[in-house]
Structure formats: C-alpha cells, structure tokens
1. I need the full set of residues from segment B:159-188 which are at pLDDT below 85 and either over 20 Å from residue B:134 (Cβ atoms) or not in a helix (DSSP H, G or I) (or both), in order please.
2. Answer yes or no: is there a residue in segment A:49-64 that is touching a residue at least 12 places away in the same chain (Cβ under 8 Å), at the interface with another protein chain (Cβ under 9 Å from one of its Cβ atoms), in a loop (DSSP other than H, G, I, E, B) and in contact with a helix residue (DSSP H, G or I) (Cβ under 8 Å, 6 or more places away or on another chain).
3. Within segment B:180-199, track down each residue that is surrounded by fewer than 17 Cβ atoms within 10 Å (Cβ to Cβ) and touching a residue at least 24 places away in the same chain (Cβ under 8 Å).
4. Applying the selection to segment B:43-66, what residues are more than 14 Å from chain A (Cβ to nearest Cβ), crowded, with 20+ Cβ neighbours inside 10 Å and either modelled with pLDDT under 90 or in a loop (DSSP other than H, G, I, E, B) (or both)?
5. Taking segment A:13-36 only, how many residues are more than 30 Å from residue A:52 (Cβ to Cβ), touching a helix residue (DSSP H, G or I) at 6+ places or on another chain (Cβ under 6 Å) and either more than 10 Å from chain B (Cβ to nearest Cβ) or in a loop (DSSP other than H, G, I, E, B) (or both)?
6. Among the residues of segment B:145-177, write down those that are touching a helix residue (DSSP H, G or I) at 6+ places or on another chain (Cβ under 8 Å), away from chain A (no Cβ under 14 Å) and farther than 23 Å from residue B:36 by Cα.
7. Could you tell me which of the residues C:236, C:183, C:265 is more than 21 Å from residue C:163 (Cα to Cα) and surrounded by fewer than 22 Cβ atoms within 10 Å (Cβ to Cβ)?
8. Can you list the helices (runs of 4 or more DSSP H) lying wholly within segment A:85-169 that have 2 or more residues being on the phi < 0 side of the Ramachandran plot, away from chain B (no Cβ under 14 Å) and buried (at least 20 other Cβ atoms within 10 Å of the Cβ)?
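The values are calculated or read from the model by the stated rules, or taken from the named source; none is laboratory data. Quick caveat: nothing in here was measured; it's all calculated off a predicted structure. Here Cβ is always computed from backbone atoms with ideal geometry, including for glycine, and neighbour counts include all displayed protein chains.
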C-alpha cells in the first residue's frame, strides 16, 4: 500500500470511528424504529394490506437521515480540528494538505455510506418480508444513486466546512440540498417564467446547482415502477463524481489558502 | 549542523507585525529555549517552522529543507500548546492514527505506541477515551504523538502547561534523554526556571523581534543573574540598548 | 431519609398529583373549560391550517392512485358527487349496482401520455428518465394503498368532504367494504352536518351497494334539504343545485320502484322548477314514460 493511501486510510478511519463512537447512528435507528413500527401495524379504516405508505415513510426517513448524517459528518470534518487545535499535529506530520482533504472526504463518505448500507439492508429485508420481493433491481439502483447523492452532499459539506461557520454551513447546504430535491426538476421552467434578474439567477442555479433530485428513485421503488436504464444510472453517477470532484477542487484551493 | 535556520524572517497579519526580521539558528543535539511574553511571535515562528504558512520575507529551513514540503516534516515531531485530541479515541488509537499519517507500518506503530505510552506514564489509562483525560494527561498523549515516528527535531509549544510536578520531572528526564540520543529540541515556554534547567541555548523574543539569543553561560555572565532576571532585563531594556546601538534582533555568535 | 430518596418520593408524589388533577379537572369543570368538548389535540394545535393539510394528504392519495406521478390532469374522484351522473340515462347506465359513480375522471380524456415532456436539455432528459411520468392507475384491490393517506386526511379535518367521499368510494366500490364506507360517511356527517355531499354519497352506497332503499331515500332527502339554503358564492350555489337535482332524480327513481308515480311527478315538477333544461328533467320524464304514464 502506498504511503498516500495509508494516510488516506488513517484519516478516513478517524471519521468512521467518530460516527460510530458518537452513537448518532443508534439514535437514528431507534428513531426510525419508533416511527415505523406503529405504521407497520396500522390498519386504516380497519383494512389491512397497504404497504406502500410504510415503504415511502421508510425511504423518506432514510433520505432524511442520510442527509443529516452526510452533512453532519462532513460539516464536522474541519471545524473541530481548528477549535481543538488538532489540525497542528496533523499537518505537522509528513502529509500534504490535498491528502488530508482527500482522507477527510473519503472518511465522511465511507461513514455515511456505511450507515446508508445498513438502512437499505434493513429496508430491503423489511420490504422482502412484507411483500415477498427481495432486493429488486430498482432498489439496487436506488442504493447506488443514493451513494452518488452522498458523494455530492459530503463534498458540499466539506467545502462548506472550510469557508463557512459550522451552523451556516449546515443551514446553507441543508437548504440548498432540500431546495434542489423539491424544485430541481422545475428550475428551468421556473427560470423561463421569470424576468431578469430572476431568470439569470435561476438559470445559473439550474446549470451549476447540485441536481440532487437525479439520485432520488423513491417513487420507482415505492410504486414498483421498473428500474431505470443502466446508461442513465451511470450518467447520474458520473454527474455525482464530477460534481463532487469540482467541490473538492474548490475545497483544496480554500484549504491551501486557509490560515490557522 | 544547523537543524533550524531562520534568516531575516518577517510575518505580518493585517496591521500586526507578528515576526520582525528574525534570524536564528538551532544546532543539532541542542535544547533550544524560545522565550517571550504572550504575543511575542513564538507560535507564529513555530508555525512557519512547520510550514503552516510562508513568511512574508526571509528564509526558513528545517534540516536543510523547506518545511512546506511534506517530506521535510518526516523528521519533525510537533507538540502543540494544549491540543484537545479526538475525544472519541483512546491513546492507542490516537497514536495509530498519527502513525498512519506518518506512513509507519502497523507493527512499528504498535511497538512504538506501547513504548511511548509507558514512557509518558499512560499505561493504565491506555484504554480510556481521551475525553476522560485530564489536561496533564492530554499533554502527555501529545508528547507521545510527537515522538511516535522518532523525529530528529522536536518542536514543543508550551509543553509544560498543565503538567503536575511529577510529570514535569518525567518530561525533563525525557527531554534530556532525547538530547543524549542526538535529537534536537526546540521549545517555546513561559516557564523560565524549567528552561534554565534544561536549555543549552535560549532566544528571547519581544514583539516579534529577537532581543537576545545565546547560551545560558553567557546569560549568567557574572554568575549572579538567573534567567528570570535576565529575561526581565532584556524585555525592559531592549529599546534603550537599541537606541545605544547595541546589537538587538540578531543572534549572538 | 437521604436527599436522593426524598427527591424520588417527591417526584413520585408530584407525578401522582399531576395524573389525579388531569383526570379530575375535566370531570369537575365539565363545560367550563376553554376547549370545545370533543376537540382533539390536532384541532387545537393546527387550527384552520388542518383543512389545507388535509387537502395536501388527499392529493398525496391521488398521487398514489397514479403510481406516484404528480400533477396529472385526472383524479380518482374529482367532484364525482357534483357532476358524476350528468347526462346519463338512469335506466341504461346511471344507477346499476356496483357501478362506480363517475369515479375516475380525466380533465382531458384520452390524455394518457407522459405528463412531463422530456427534452430541453441534459438535466431534463435525466429527470425525465429517473422520475417516472407515465400514466398509470391503481386498480381494484391495489387501491388499498391509498387508504392511509385518506385516513389521515379525514382524521385531520372533517371539513375535507372530498377526502371522505374518496375514502368511502375506495372502501365501498373498489375494496368491497361498503359497511366501512357507510361508517366513515356517517362519522363525517356527524362531524360536519352542514354539507349535503356526504348524505348524497351515503345514499348512493345504500342504494347501489347495500340495496337498502329505505335508508338510501332518507339520505337523499337529507341531502336535498341541505342543498336548500341560499348561497352567496355562485359556484357553490351551482354545485348545490346540481347535487339537489341528482338527489331529486334518485328520489324519483326510488318512488318509481315503489310504484309511487305521484311522487315521481312531484320530483319532476321540482326538477323543472329548478332547471327546466337540465337532463334530470329529461331522465325523470323517461322514467314516467317507461311506466306508461305521461306527465300532465
């Protein structure tokens, strides 16, 4: 294993360990169980057999908590290092700043994806038991695209952690991501309905904003639509990789200029 | 051999001149005390030695290399002033993390960690999370991480802060032992009596400028003065001596 | 006693007192408390916003009907009560047992194509590929999937008549549980007695699913009476007029079934006085003609 990979592994391991030691995940799982268990036994109007609403709520919670975990972990990557001054001993080691950034990003992504994998495994088992369909292709695609979503979200959170205060970072990135989830599909239509300067602002947002709605396959999973084409899946994942790389490049520039 | 070399180094933050034309050298195998009041520019100088930022003017070299280059930091161990290390790790995990950053093999990390944990007296607390450590214990963990990769140059920023008397004695023994092994130690401190006990040479900084640098023998002079009195004299006396044309801000031979 | 133990005892006593007061106050001060009896926590917290929330949940159910696709110009039950039977020949089509009463309506019939046109850039292409836009409906027993949202919509606001109607429709016509539909509508009428739609729909279920003509007639009479008050809102007045005409038609039809032709004539007269050109008038005339008697 090369020296740099070894360093990235050490840095990534730190973020993963932090997520599990802080017990955030346990809280999230308990919360999910508390919300979903009553829904699973609920029979509206005394009629049983409805399952899609449980699936939808479960996936909504998975999305919500993955956003919270992804942004939470990535937004916490640097500020505590600056506050507790652990950035000094870290950077005093023979490690390049770019490697620190890459390691931190890999850690945030690995931590978030590991939590996501547990969520999807639980969802797959739950849906399998209730509906008798075990891990259909559309669920596999949904998981893959959700990783793409986390790749973008953690890159944004990481970038924000270098240029914004933690609370401003969480607020701004949270609003951006949820805003794009809700309105991303309609941005171009909204832009064309506006006069200048609103049109320009919305058009720029449409071009450069993180189109996280691309990664949302909940509708297909919940309503049992067929999977999307694998070419589309790969295109969306390529978009995630490109967007995350762009954020990391800006973050690397900001980190190089950062004064401690 | 000159391990640390600063030549006419200056650094300004906004309107504040943190370091002003600083020139000094640290030789191999010596314990170099870097003294000054709060805001004198000690930490800024240390950060430049570690390559955290570049000087506005002048040259900095560590072991003959530019400290901004990560490879140059392979031979540097640094312990910051009161770092609150990752509270969710124990000291073994902390050292494993830093060992990974230094590119050490796992077996080496394990061996060195065990050795250093014993040396800084944290064996019994080795499995406890750092959030349960006292300030002095965190300082000891900091010393361990600085020594982990067996560096040639050890830079310590206020290393005695928070240490109890027993830990100070242990620390002193450790520093002296490292010198015996040929390591170079550069440490900033407010603790003049401790500096007097262990330093071969000291430099006194005032408002970013070097006001005095030399061996303790030179400081003691007639044998009547201790470091504390010299320190007070230097800080209070410097402007007057500068007016009189005496060498100020330059290292004495 | 140690301080800790004393604290524990005080805590337990405090909790006991709180529980006892919670049970005793409503009994001791019945009718004098600020809350209206029967108002639940949701009503108190959400106030008037609950109707909007309820409508949003109703829309969610409609979205489920279309496999999660939004903004399609068709609904499971869009104003079925108000417009469902217009222009229908009662004998031939309108009121056969088990017939959904105009339940699924398209704003633009035959438009079952994609509701979201792809094209117009890469982002739109990806979105159109990822987010399914094809037009599809839940069928039969699959409609059980909509019930949780309808349940929540009804629970949230009794004023959301549409939610009650749609829920009852799914229960009675799609899932074969008319008794559940009846129970729901009766609950809705109890909570919001002013609106005639629920009475009318309840009558339809009694008529077409339970074949209980006596109760059906009582419901249609009730619906007709609730349609009488004058309305300031012209659109609402038009809705009520149409609903009243439909109730009148049903009443006429039931009278004809009993052989009470005088009653049918009264219904016809009422319909003529309300809207002489309306198809209900024609339909009632057809009823009378088929009975071999001409209206004088």
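1. Of everything in segment B:159-188, those that are at pLDDT below 85 and either over 20 Å from residue B:134 (Cβ atoms) or not in a helix (DSSP H, G or I) (or both) turn out to be B:160, B:161, B:162, B:163, B:164.
2. yes
3. If we filter segment B:180-199 for residues that are surrounded by fewer than 17 Cβ atoms within 10 Å (Cβ to Cβ), which is where we start, we get B:180-182, B:190, B:193, B:197.
Within segment B:180-199, B:182, B:190, B:193, B:197 qualify.
4. If we filter segment B:43-66 for residues that are more than 14 Å from chain A (Cβ to nearest Cβ), which is where we start, we get B:57-61, B:64.
Right, trim to crowded, with 20+ Cβ neighbours inside 10 Å and you get B:60.
Scanning segment B:43-66 gives no hits.
5. Here is the first cut: in segment A:13-36, the residues more than 30 Å from residue A:52 (Cβ to Cβ) are A:13-23.
Adding the requirement that they be touching a helix residue (DSSP H, G or I) at 6+ places or on another chain (Cβ under 6 Å) leaves A:14-16, A:19.
Now restrict to residues that are either more than 10 Å from chain B (Cβ to nearest Cβ) or in a loop (DSSP other than H, G, I, E, B) (or both): A:15-16.
Total satisfying the criteria: 2.
6. At the first step, the residues of segment B:145-177 found to be touching a helix residue (DSSP H, G or I) at 6+ places or on another chain (Cβ under 8 Å) are B:145-157, B:159-164, B:167-168, B:171-172, B:174-176.
Add one more test, that the residue is away from chain A (no Cβ under 14 Å), and what stays is B:160, B:163-164, B:167-168, B:171-172, B:174-176.
Residues satisfying the conditions are B:167, B:174.
7. Working: C:236 fails: more than 21 Å from residue C:163 (Cα to Cα); C:183 fails: more than 21 Å from residue C:163 (Cα to Cα).
Every option except C:265 fails the conditions.
8. On the way: elements: A:87-92, A:97-131, A:137-163.
Output list reads A:97-131, A:137-163.
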